[in-house]
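Sharing a structure, written as structure tokens. Questions coming.
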Amino acid sequence: MSRLADVAFAVERVILGKPRQIRLCLACLLARGHLLIEDVPGVGKTTLAHALARVLGLEWRRLQFTSDLLPADVIGVSVFDRETQAFQFRPGPVFTQLLLADEINRASPKAQSALLEAMEERQVSVDGVTHPLPEPFFVVATQNPHDQGGTYGLPESQLDRFLMRVSLGYPDAAAERRLLLQGERHELLGALVAVLQPAELLAAQRAVRAVYVAPPLLDYVQALVARTRAELPLGLSPRAAQGLVRAAQAWALIAGERAVLPEHVQAVLPAVAAHRLERPGVTGTADGAQLAAELIAAVPVPP
């Protein structure tokens, strides 16, 4: 779809030299997933989230996660109204189309858990009342590496709700030179205009599900998932397997393909699987990525 290519191109004007990461982010959102961006400070994590919100024409809010953040600061709170003599619900920042959860791993596990229901069911329950969230609804969270001070590791239940985790890394020399010659990033963000409207984005999400997935391709996905469960204490969950298929469909749609190919699955697998895979006694982003690479090499591609 040329419009999706236009979205990626617009974001690339701000985030220089990272076309693959931008394409992964777009595939994640088209697959109705949530996105975790992990990297050191200063490489453009927050800027990427801002750029996605602008080019997709979404209402968005930013919530800075800190150690003293409370669940009510995320989802909202019921306040007693003296005039009506009843409690009135005041929605929190989560009631938006794109929530930027900035430095999510600086908040306590209690505050992090406030997002679990919202991310999985796209609704929030407060005082026994369920409040639906806007459509589309995405969480784009950023986090600093675990070895930095003042961070809390995200539990497996939280990590599994993020369809993808991407890392930007430092730009190459050519991209960094262009960055040095450009204006400030906030000026570039201000110049971005919406390429898609929310209704068009919802239509693109429906188109993702229409991309054909052949039975041998599903066999391939199941073989990949089964290998992780056989070799690791915690393999890929059914949610992760379903997300892998959806992400591959989105990648195929962006590429203009009508059916998912094995190379589409391989393209998105590291982003989908690396934050879910862990060797016993070994932690860290690099090991998860290595496990994903080993998984692709070990499982044969269907004929």
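Tell me which of 168, 214, 191 sits at the most positive position along the dipole axis of region 157-290, charges placed on C-beta atoms (Lys, Arg +1; Asp, Glu -1).
With unit charges placed on the Cβ atoms, the residue in question is 214.
Measure off, as a whole percent, the carbon and sulfur share of the 1.4 Å-probe accessible area of region 77-163, all protein chains present. Don't jump to the answer; show the numbers that get you there.
Details: 1970 of 3990 Å².
Carbon with sulfur: 49 percent of the solvent-accessible area.
Let me ask something else. Among 18, 110, what's the order by accessible area (1.4 angstrom probe), most exposed first?
Accessible-area ranking of 18, 110, largest first: 110, 18.
Can you put 220, 170, 212 in order of accessible area, largest first, using a 1.4 Å probe? Could the numbers behind the result be given before it?
Numbers: 220 5, 170 170, 212 125 Å².
Sorted by accessible area, descending: 170, 212, 220.
What is the set of long-range amide H partners of residue 108 at a cut-off below 5 Å, with H atoms built 1.01 Å from backbone N?
So residue 108 has HN proximity to 69.
How much accessible area per residue does region 222-264 have, counting only protein heavy atoms and a probe of 1.4 Å, in square angstrom? Walk me through the numbers on the way to the answer.
Numbers: 2050 Å² over 43 residues.
Accessible surface, normalised per residue, equals 48 Å².
Taking R0 as 35 Å, what FRET efficiency do you get between residue 187 and residue 79 from their Cβ-Cβ distance, rounded to the nearest 0.05? Can you show the working numbers first?
On the way: r = 39 Å, r/R0 = 1.11.
E(calc), rounded to 0.05, equals 0.35.
Now for a different question. Ordered by packing density, taken as the mean number of other Cβ atoms within 10 Å over each peptide's residues, highest first, how do 292-303, 22-33 rank? Please report the intermediate quantities before stating the final value.
Working: 292-303: 14.0, 22-33: 24.6.
The peptides rank, most packed first, as 22-33, 292-303.
Of all beta bridges DSSP finds with both residues in region 1-144, what is the antiparallel percent, to the nearest 5? Present the calculation step by step, with values, prior to reporting the outcome.
Values: 10 of 23 bridges.
So the antiparallel bridges amount to about 45 percent of the total.
Placing +1 at every Lys and Arg Cβ and -1 at every Asp and Glu Cβ, with all other atoms neutral, what dipole size does region 177-271 have around its Cα centre, in debye to the nearest 20?
On the way: 10 positive and 7 negative charges, 23 e Å.
Approximately 100 debye in magnitude.
Considering Cα pairs under 8 angstrom that are at least six residues apart, work out the relative contact order of the chain and quote it in whole percent.
Details: 523 pairs, mean separation 68.7, N = 303.
RCO, the chain: 23 percent.
Extension gain residue 20-residue 258, at 0.36 nm per residue separation less the Cα-Cα distance, in nm?
Details: separation 238, 0.36 × 238 = 85.68 nm, distance 2.04 nm.
Computed gain between residue 20 and residue 258 is 83.6 nm.
Using a Förster radius of 35 Å, what is the FRET efficiency between residue 287 and residue 197 based on their Cβ-Cβ separation? Nearest 0.05, please. Walk me through the numbers on the way to the answer.
Working: r = 41 Å, r/R0 = 1.16.
With a Förster radius of 35 Å, E is 0.30.
The values are calculated or read from the model by the stated rules, or taken from the named source; none is laboratory data. Note that the structure is predicted; figures quoted are calculated from it, not measured. For neighbour counting, all protein chains shown are included, and Cβ atoms are generated from backbone atoms with ideal geometry for every residue, glycine included. The accessibility values were calculated without ligands, DNA or RNA, using every heavy atom of the protein model including side chains. Shrake-Rupley method; radii C 1.70, N 1.55, O 1.52, S 1.80 Å.
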